[in-house]
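Colleague: The structure follows.
Each value in this text was obtained by applying a stated rule to the coordinates, not by laboratory testing. This is a predicted model, so every value here is computed, not measured. Using ideal geometry, Cβ is built from the backbone for each residue, glycine included, and neighbour counts are taken over all protein chains shown.
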Amino acid sequence: MTYTIDGNTGTWEIVCGLEVHAQVTANAKLFSGAAAAFGAAPNSQVSPVDAGMPGMLPVLNGYCVEQAVRTGLGLEAHINRLSIFERKNYFYPDLPNGYQISQYEHPIVGRGQLLIDMPDGHTRAIGITRLHLEMDAGKSMHDQRDGETLIDLNRSGVALMEIVSEPDIRTPEEAVLYLRKLRSILRYLGTCDGNMEEGSLRCDANVSVRRVGDETLGTRCEVKNVNSMRFVARAIEHEAKRQVELLEGGGKVVQETRLFDAVKGETRSMRGKEEANDYRYFPDPDLLPLVLPADFVDRLKATLPELPDIKKARFMAEYRLPAYDAGVLVAERATADYFEAVAQGRDGKQAANWIINELFGLLAKAGKGIDASPISTGHLGKLLDLLGTDAISGRIAKDVFAIMFETGDDPLAIVEAKGLKQVTDTAAIEAIVDEVIAGNPGQVETYLKNPKVIGWFTGQVMKASGGKANPQAVGEILRAKLPPVE
Amino acid sequence: MADMTDLGLLEARHRLAARELSAKELTEAHLAAMIEARPLNAFITETPELALAAAEASDARLARGEGGLLEGLPIAIKDLFCTKGVQTTAGSRILEGFVPPYESTVTQRLWAEGAVPLGKTNLDEFAMGSSNVTSHFGPVRSPWTRASDNADLVPGGSSGGSAAAVAARIALAATGTDTGGSIRQPAAFCGITGIKPTYGRCSRFGVVAFASSLDQPGAFGRSVEDSALLLQAMAGYDPNDSTSADLAVPDWTASLKGKVKGLRIGVPKEYRVDAMPAEIEKLWQQGADWLRAEGAEIVEIALPHTKYALPTYYIIAPAEASSNLARYDGMRYGLRVEGETLADMYKKTRAAGFGTEVKRRVMIGTYVLSAGYYDAYYLKAQKVRRRIVEDFEQAFGKVDAILTPTAPSAAFRAGEKMDDPVAMYLNDVFTVPSSLAGLPAISVPAGLSAEGLPLGLQVIGKAWDEQTVLDVGLAIERAAAFAVMPYGLG
């Protein structure tokens, strides 16, 4: 997949890295025992620690540390047995302490990588620079009351993992694939629910451009607020085009933070480098350096689930699936589990087809996830078995499938209740074939000139049988009964 | 009444247990003394109702033969400890009227042991100072005056209110906090005992932070035993403070014998600083002689990085303070001065809420952490701090405790040294090194200056070895037999 921008003076490529803030799935915040659930009434989940009250001290939530390490392992990353929490100092009303506790020089997770699945079935590695733990700030609401800003501290202190990629991304599409894959891994691990609407997964993009063939990196801009899969590609595209136009017009890209306006589809300057805060990072004296016990990482490693890349490879080998199908099925753990339950002991490719081509469509139309599928894995398996034993035809199967989705009923019960069992009784089919041939001498003439017209006969026989005739048997009998073609 | 307030903490405890005295009587005597001594300005908030209610509850428990370590004993709390439902100011205008909805771990432990809360004592604003003159609620006057005049003297700081209250017989004992000498120096100035335990021995949870890596709660008493008893009730592991140590608290009081025979006591040559008054030098020598007479061996030791301790401290402490005090922004509690813009509100609030010394330290701290200066100041200071810790580690390979003066002078007049912050900072020259190393240290009154003012000797111990510090302190206390009442009380 190549993606370039054709400017007036030449061809340009995008260089992009993503910084993702993923909210750690945990019952309590990173440094206080307060709840971290989404959607609670404003300021209802705030402990004195989260509110920055005098004399309050942070206490590290061990579960959040485990979650960060699990995520690091999922990204095939180096886990740092020693990491240090530092204070990032700046004033803002939704930052009660006047500093954010984060990790700076010594993050808990170092270099790793993430494989993105390209549409052509290949994979490409995107480097992970680091992952660190930090606390979230509260939320400022400027639009609730005229001339006043309201602060909700529910989010204050919630644990976040900041996951930083290398500038390995070259196209807007790759950025989306990276985010999708990251989200998939996080959800497999259960370390972040990946919900972008609720802000559990937020993304900033560092974008620069350079002429194709150039080795050096251009000046980058950080684009904030790209908080949906759709916007990520658009924001990067717009920002890259802006930079190309600027450079070709003789201008210079200024290192700055830009905000993506989803409505206007453009980025605009938030603050320049000269306005950047001096965060005065220093190790938080309220927290000791975090030293992981010797067996900590191995213990967590042993509990990791099978992750999408490995599962995909296994599906390809075990169920003989093409890369595309396997990739689609493993994106969500629930889908992969559903597939495996159906495919077990059956034709894997057929199971994949039914899930990807039929079930996904109906689920999407109904606005349901696979967890809420009206068709159980057992029922879908039975349907495939009915097909496999020629008890029903493919066409009937689709009708039965639609009924199953509507009612949640067992396919056998549906087939029997509606008398849809396929007719494989040759005598019965022969009778229909004879009737059709006798009734359409004109078509027989045509058939003799054009043998493809056998399809028309098949259709007539199927129609006459109410769809219950076995199409293969119909074909054989027709060929035997129609006059031989020269 | 007077003899009731002159009792030692331990002695009062025995009398209460024997029912020779009721907690109510004892408390009433102290509340009367508190009112009488108001000119000292030792308290920011008095809590007589709470004290009487606590005393009555204590009497009920004592009558049933129950009661904690400090049952029915009236004490004072430095106004840096957050107390649920009772104003907690840290001596600052920015927290005036702030009533915490939570209790500090240390005070929680004290109330659980039956202590009676007399009130919250005055202090230097945010514990920044060595004279207790930077409080928004006015300076504390020492109960001491020079023999030659009646001019007001400072009680030392930052825990000046607590030290003055104990010296003036308003409270049997009091809590303090020590960042660079804030318990030991006022104890020395006020002629009482003050102990700062090992960093991590007492929880900092609920103590308004000045410099987190140095702040440590500790105890004032009129004797080593009294200080030990109060500290015993304050100390202990607290899961709410990640820097508190998960170690059992020894029964210091029971083990306290004052025996120093066979102990090796180090005397660091680097503590003979320039311009140290001869009488301080003499007292130090006297202290060494007392301990030698009791069978200790006096050993000269080297703490070569001592001269860097003060500058190191005045980088690290303000750096941490500049960040710790960022939360006082007028948004959620405390003072708010409205402004045209957000930045304007911040500036006006903090300009009006903080005093000069606090602003100075916030400025210094912000500077030393700034991009371009961090390596030269903060990082360098951390490295020097490490060297200072190693100095002590090496010294404690040879000795069991270290003896030094507590302060380079006796108490000075309010107003003196005010225009020269560096001269003021020099007051902490003997106390700061052990703070940087997190070591336990006690100040014991050991004699009088030529002007008739108390002078203290400091004993520094190994980490977690408060017992030796207390024992050596007790030996000095016995030898010095310091029994002079503050003149200013009359």
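Colleague: Can you give the extra length, in nm with one decimal, that the chain gains between A:THR149 and A:VAL485 once fully stretched, where that is 0.36 nm per residue apart less the Cα-Cα distance? Don't skip to the end; give the middle numbers.
Modeller: Working: separation 336, 0.36 × 336 = 120.96 nm, distance 8.54 nm.
Using 0.36 nm per residue and subtracting the Cα-Cα distance, I get 112.4 nm.
Colleague: Each residue of the range A:328-337 in order: what ³J(HN,Hα) in whole Hz does its phi give by Karplus 6.51 cos²θ - 1.76 cosθ + 1.60, θ = phi - 60°, with x for Gly and Pro?
Modeller: Residue by residue, the range A:328-337 yields 5, 6, 8, 4, 10, 4, 5, 5, 4, 5 Hz.
Colleague: Toward the positive end of the charge dipole of chain A, about the Cα centre and with charges on Cβ (Lys, Arg +1; Asp, Glu -1), which of A:LEU359, A:GLN113, A:VAL49 goes farthest?
Modeller: Checking the options against the dipole of chain A, the answer is A:LEU359.
Colleague: Pairs of Cα atoms under 8 Å, at least six residues apart: use those to get the relative contact order of the range A:308-417, whole percent.
Modeller: Numbers: 95 pairs, mean separation 22.6, N = 110.
Worked out over the range A:308-417, it gives 21 percent.
Colleague: What percent do you get for the relative contact order of chain A when only Cα pairs under 8 Å and 6+ apart count? Intermediate values should be presented prior to the final figure.
Modeller: Details: 888 pairs, mean separation 66.4, N = 486.
About 14 percent, as a whole number.
Colleague: With charges set only on the Cβ (+1 for Lys and Arg, -1 for Asp and Glu), what does the dipole of the protein assembly as shown come to about its Cα centre, in debye to the nearest 20? Don't jump to the answer; show the numbers that get you there.
Modeller: Numbers: 102 positive and 124 negative charges, 145 e Å.
Computed charge dipole of the protein assembly as shown: roughly 700 debye.
Colleague: My understanding is that a pair violates if its Cα-Cα distance is over 28 Å; which of B:LYS282/B:LYS462; A:LYS29/B:LYS347; B:LYS120/B:LYS282; A:LYS88/A:LYS311; A:LYS88/B:LYS417; A:LYS382/A:LYS481 do that in this structure?
Modeller: Numbers: B:LYS282/B:LYS462 25 Å; A:LYS29/B:LYS347 31 Å; B:LYS120/B:LYS282 37 Å; A:LYS88/A:LYS311 40 Å; A:LYS88/B:LYS417 36 Å; A:LYS382/A:LYS481 35 Å.
Among B:LYS282/B:LYS462; A:LYS29/B:LYS347; B:LYS120/B:LYS282; A:LYS88/A:LYS311; A:LYS88/B:LYS417; A:LYS382/A:LYS481, the Cα-Cα distance tops 28 Å for A:LYS29/B:LYS347; B:LYS120/B:LYS282; A:LYS88/A:LYS311; A:LYS88/B:LYS417; A:LYS382/A:LYS481.
Colleague: How far is helix A:308-318 tilted, in degrees, relative to the longest principal axis of the Cα atoms in chain A, given as a value from 0 to 90 rounded to the nearest 10?
Modeller: That helix lies at roughly 20 degrees to the long axis.
Colleague: Sticking with this one: When the helices in the protein assembly as shown are scored as -39500 (n - 2.57) per DSSP H run of 4 or longer and the sum is shared across all residues, what 222 nm value do you end up with, to the nearest 500 deg cm²/dmol? Please list the in-between numbers first.
Modeller: Details: 33 runs with 359 residues, N = 976.
So the calculated ellipticity at 222 nm is -11000 deg cm²/dmol.
Colleague: With a cap of 15 neighbouring Cβ atoms within 10 Å, and only residues DSSP puts in a loop, list the trypsin sites (Lys or Arg not before Pro) found in the range A:171-253. Walk me through the numbers before you get to the answer.
Modeller: Values: sites: A:ARG180, A:LYS181, A:ARG183, A:ARG187, A:ARG202, A:ARG210, A:ARG211, A:ARG220, A:LYS224, A:ARG230, A:ARG234, A:LYS241, A:ARG242, A:LYS252; in loops: A:ARG220, A:LYS252.
When the trypsin sites (Lys or Arg not before Pro) of the range A:171-253 are filtered for loop state and at most 15 Cβ neighbours within 10 Å, A:LYS252 remain.
Colleague: Relative contact order for chain B using alpha-carbon pairs under 8 Å, separation at least 6, rounded to a whole percent? Working shown, then result.
Modeller: Working: 1228 pairs, mean separation 85.8, N = 490.
It comes to 18 percent, rounded to a whole number.
Colleague: Ordered by residue, what ³J(HN,Hα) values in Hz, to whole numbers, does the range B:235-241 give under the Karplus form 6.51 cos²θ - 1.76 cosθ + 1.60, where θ = phi - 60° and Gly and Pro are x?
Modeller: Here the 3J(HN,Hα) series is 7, x, 5, 9, x, 7, 10 Hz.
Colleague: Report the per residue volume, in Å³, of the convex hull enclosing the C-alpha atoms of chain B.
Modeller: Working: hull volume 65.9 nm³, N = 490.
Dividing the Cα hull volume of chain B by its residue count gives 135 Å³.
Colleague: Considering the alpha-carbon set of the range B:305-461 alone, what are its Rg and its Dmax in angstrom?
Modeller: 19.2, 62
Colleague: Here is a follow-up. Which value, in debye to the nearest 20, gives the size of the charge dipole of the range A:120-187 about its Cα centre, when Lys and Arg are +1 and Asp and Glu are -1 at the Cβ? If you can, show how the numbers build up before the last one.
Modeller: Values: 10 positive and 12 negative charges, 71 e Å.
In total the dipole reaches around 340 debye.
Colleague: Let me ask something else about it. Taking every pair of Cα atoms in the range B:227-293, average 1/r, invert it to obtain the Kirkwood radius, and report Rg/Rh to two decimals.
Modeller: Working: Rg = 17.7 Å, Rh = 15.6 Å.
We get a ratio of 1.13 for the range B:227-293.
Colleague: Let me ask something additional. In peptide B:325-336, what is the residue-averaged number of other protein chain Cβ atoms found within 10 Å of each Cβ? Before the final figure, lay out each step's value.
Modeller: On the way: counts 2, 11, 11, 3, 8, 1, 10, 8, 4, 1, 0, 0.
That average works out to 5.
Colleague: For B:212-225, what's the mean count of beta carbons from other chains sitting within 10 Å of each residue's beta carbon?
Modeller: Details: counts 5, 4, 1, 1, 0, 0, 0, 0, 0, 0, 0, 0, 0, 0.
Counting other chains' Cβ atoms within 10 Å and averaging over B:212-225 gives 1.
Colleague: Just to be sure I understand: of the beta bridges DSSP finds with both ends in chain B, what percent are antiparallel, rounded to 5?
Modeller: Details: 30 of 44 bridges.
Percent antiparallel among DSSP bridges in chain B is about 70.
Colleague: Starting from the Cα of B:GLU36, step 7 Å along the direction of its Cβ; do the same at B:ASP274; then give the gap between the two resulting points in nm.
Modeller: So the label points at B:GLU36 and B:ASP274 sit 4.7 nm apart.
Colleague: Let me ask something else about it. Which longest run of chain B has no exposed loop site in it, a site being GluC sites (Glu not before Pro) in a DSSP loop with at most 10 other beta carbons within 10 Å, and the site itself not part of the run? Each step should come with its number before you reach the end.
Modeller: Numbers: sites that count: B:GLU20, B:GLU338, B:GLU340.
That would be B:21-337.
Colleague: Putting +1 on Lys and Arg Cβ atoms and -1 on Asp and Glu Cβ atoms, find which of A:SER393, A:TRP456, A:GLY74 reaches farthest to the positive end of the dipole of chain A.
Modeller: Ranked along the dipole, the leading option is A:TRP456.
Colleague: Also, I was wondering about something else. To the nearest 10 degrees, how steeply does helix A:377-388 sit against the main Cα axis of chain A, on a 0 to 90 scale?
Modeller: Orientation of helix A:377-388: about 30 degrees from the principal axis.
Colleague: Go through the range A:321-388 and name the GluC sites (Glu not before Pro) that are in a DSSP coil and have 15 or fewer other Cβ atoms within 10 Å of their Cβ. Mind dumping the intermediate values first?
Modeller: Numbers: sites: A:GLU332, A:GLU340, A:GLU358; in loops: A:GLU332.
Sites meeting the loop and neighbour criteria: none at all.
Colleague: For the range A:381-483, max minus min Cα coordinate along each principal axis, in Å, sorted largest first?
Modeller: Over the range A:381-483, Cα extents along the principal axes are 47, 22, 20 Å.
Colleague: Using bins 10 angstrom wide from zero, how does P(r) for the range A:169-282 break down, in % of all Cα pairs?
Modeller: Over the range A:169-282, the share of Cα pairs per 10 Å bin runs 13, 39, 32, 15, 1 percent.
Colleague: Starting from the Cα coordinates of the range A:426-481, work out the convex hull volume and express it per residue in Å³.
Modeller: Numbers: hull volume 3.6 nm³, N = 56.
Dividing the Cα hull volume of the range A:426-481 by its residue count gives 64 Å³.
Colleague: Based solely on C-alpha atoms, express the radius of gyration and the Dmax of chain A in angstrom.
Modeller: Both quantities, over Cα of chain A: 29.9, 99 Å.
Colleague: Could I ask something else about it? For q values of 0.11, 0.12, 0.15 Å⁻¹, compute log₁₀ I(q)/I(0) with the Debye formula on a Cα-only model of the range A:308-417, without solvent.
Modeller: Computed log10 I(q)/I(0) values: -0.32, -0.38, -0.59.
Colleague: Zone of A:GLU215 (label point 7 Å along Cα→Cβ, backbone N under 18 Å): which residues in the range A:154-173?
Modeller: Counting only backbone N, you get A:167-168.
Colleague: With a cap of 16 neighbouring Cβ atoms within 10 Å, and only residues DSSP puts in a loop, list the chymotrypsin sites (Phe, Trp or Tyr not before Pro) found in the range B:386-490. Spell out each step's value before the answer.
Modeller: Working: sites: B:PHE392, B:PHE396, B:PHE412, B:TYR425, B:PHE430, B:TRP464, B:PHE482, B:TYR487; in loops: B:PHE396, B:PHE412, B:PHE430, B:TRP464, B:PHE482.
For chymotrypsin sites (Phe, Trp or Tyr not before Pro) across the range B:386-490 that sit outside H, G, I, E and B with at most 16 neighbouring Cβ atoms in 10 Å, the list reads B:TRP464.
Colleague: Shifting gears a bit: Report, in debye and to the nearest 20, how large the dipole of the range B:40-177 comes out about its Cα centre when Lys and Arg carry +1 and Asp and Glu carry -1 on their Cβ.
Modeller: Details: 10 positive and 14 negative charges, 33 e Å.
That gives a dipole near 160 debye.
Colleague: Averaged over A:87-96, how many beta carbons belonging to a partner chain fall within 10 Å of each residue's beta carbon?
Modeller: Working: counts 5, 1, 5, 1, 8, 4, 7, 1, 4, 5.
Mean partner-chain Cβ count within 10 Å for A:87-96: 4.
Colleague: I'd like the Karplus ³J(HN,Hα) series for the range A:437-448: coefficients 6.51, -1.76, 1.60, θ = phi - 60°, whole numbers in Hz, and an x wherever there's a Gly or Pro.
Modeller: Rounded to whole hertz, the list is 5, 5, x, 9, x, x, 5, 5, 4, 4, 4, 5.
Colleague: Extent of the protein assembly as shown along each principal axis, from alpha carbon coordinates, in Å, largest to smallest?
Modeller: 140, 77, 60
Colleague: Right, something else. Can you give me the angle between helix A:454-464 and the longest principal axis of chain A, using Cα atoms only, in degrees from 0 to 90, rounded to the nearest 10?
Modeller: Between the helix axis and the principal axis of chain A, the angle is about 90 degrees.
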